[in-house]
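Visitor: Sending over a structure as structure tokens; questions will come in a sec.
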Amino acid sequence: MPLTFDDLLARARRLPRDGRRAILGIAGSPGAGKSTLAGSLVRELNGTGEPWVAHVPMDGFHLADAELDRLGRRDRKGAPDTFDAAGYAALLGRLREERAETDGDIVYAPGFERELEQPIAGAVPVPPTARLVVTEGNYLLLESGAWARVRPRLDEVWFCALDEAERVRRLAARHERFGKSPADAAAWTIGPDQRNADLVAATRHLADLVVPADAVTGPPPGARGPAPSTPV
């Protein structure tokens, strides 16, 4: 039977065990639906009860434009060496080591503001009660450099698979939505983004699960009735 969004919910709900916090990674090429899937999972798993799932995007570890200018990498922003991969791996290690308890400390992760195209420090709080952390990004399965430290810190990694033509169309539209002209959006999509997409696609076989496009999008907010808010 085809994999469904409900199947994904059930699989994610089973990840935390023995009081230990679990981390689920969602990988895929730019525009493949990683953020959509992560957001839908977090919303549906948390339900209407006390939130027990947190969302920590990899994009918060983008290097700031000023640093990219200093390094001469601004023209390929989004490539593996334009992120603080070691910092991302270190945060995942901290999240994994801390047990989900009611009297622990909040862990703050950086976020990413798409309107500014800049990382924002301390924007994502992960409370001590979070038993599952969902993190998503392009390079979770990359085996080179500091990125190789990421996969061992994740309980599972799912790979979003989307028809290539549709992925490119969505990505170009997203660039336009956040301020690029149609010509600039197309050039960036088939240039730097495509080079990154090819690199990510080569890691697909390392994923624990390949998620087809039909299973990526969950129901609209409020479309479901009450659901379990904690693992059963």
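Visitor: Any residue that is of a type outside the set (S, T, N, Q) and touching a Gly at 6+ places or on another chain (Cβ under 9 Å) - is there at least one of those in the stretch 62-71?
Guide: Scanning the stretch 62-71 turns up at least one residue that is of a type outside the set (S, T, N, Q) and touching a Gly at 6+ places or on another chain (Cβ under 9 Å).
Visitor: Further question on the same structure: Suppose the filter is touching a Lys or Arg at 6+ places or on another chain (Cβ under 8 Å), more than 19 Å from PRO57 (Cα to Cα) and not polar (S, T, N, Q); does PRO212 pass it?
Guide: Considered against the rule, which asks whether it is touching a Lys or Arg at 6+ places or on another chain (Cβ under 8 Å), more than 19 Å from PRO57 (Cα to Cα) and not polar (S, T, N, Q), PRO212 comes out as no.
Visitor: Let me ask another. In the stretch 1-37, what count of residues is obtained for those that are small (Gly, Ala, Ser), buried (at least 19 other Cβ atoms within 10 Å of the Cβ) and modelled with pLDDT of 95 or more?
Guide: Residues that pass the stated criteria total 4.
Visitor: Can I ask one more? With the requirement that a residue be at pLDDT 95 or above, farther than 19 Å from GLY122 by Cβ and of a type in the set (A, V, I, L, M, F, W, C), what does the stretch 72-89 give you?
Guide: ALA85
Visitor: For the stretch 48-98, give me the residue count where each residue is closer than 30 Å to ARG131 by Cβ, part of a helix (DSSP H, G or I) and among the acidic types (Asp, Glu).
Guide: Residues in the stretch 48-98 being closer than 30 Å to ARG131 by Cβ, part of a helix (DSSP H, G or I) and among the acidic types (Asp, Glu): 2 in total.
Visitor: Hey, could you check the stretch 84-112 for residues that are aromatic (Phe, Trp, Tyr) and under 14 Å from the mean Cα position of the chain (by Cα) and say which is surrounded by the most Cβ atoms within 10 Å (Cβ to Cβ)?
Guide: Selected residue: TYR88.
Visitor: Continuing with this model, one more query. Under 8 Å between Cβ atoms, at least 6 apart or on separate chains: pull out the pairs that start in the stretch 5-24 with a residue that is within 20 Å of LEU95 (Cβ to Cβ) and end on any residue that is of a type in the set (Phe, Trp, Tyr).
Guide: LEU24/TRP158
Visitor: A further question follows. Consider LEU142 carefully, then state whether it is at pLDDT below 90 and under 17 Å from the mean Cα position of the chain (by Cα).
Guide: Here the answer is no, as LEU142 does not meet what is asked.
The values are calculated or read from the model by the stated rules, or taken from the named source; none is laboratory data. For clarity, every value in this text was computed on a predicted model and none was experimentally measured. Every residue, glycine as well, gets a Cβ built from its backbone with ideal geometry; the counts of neighbours run over all protein chains shown.
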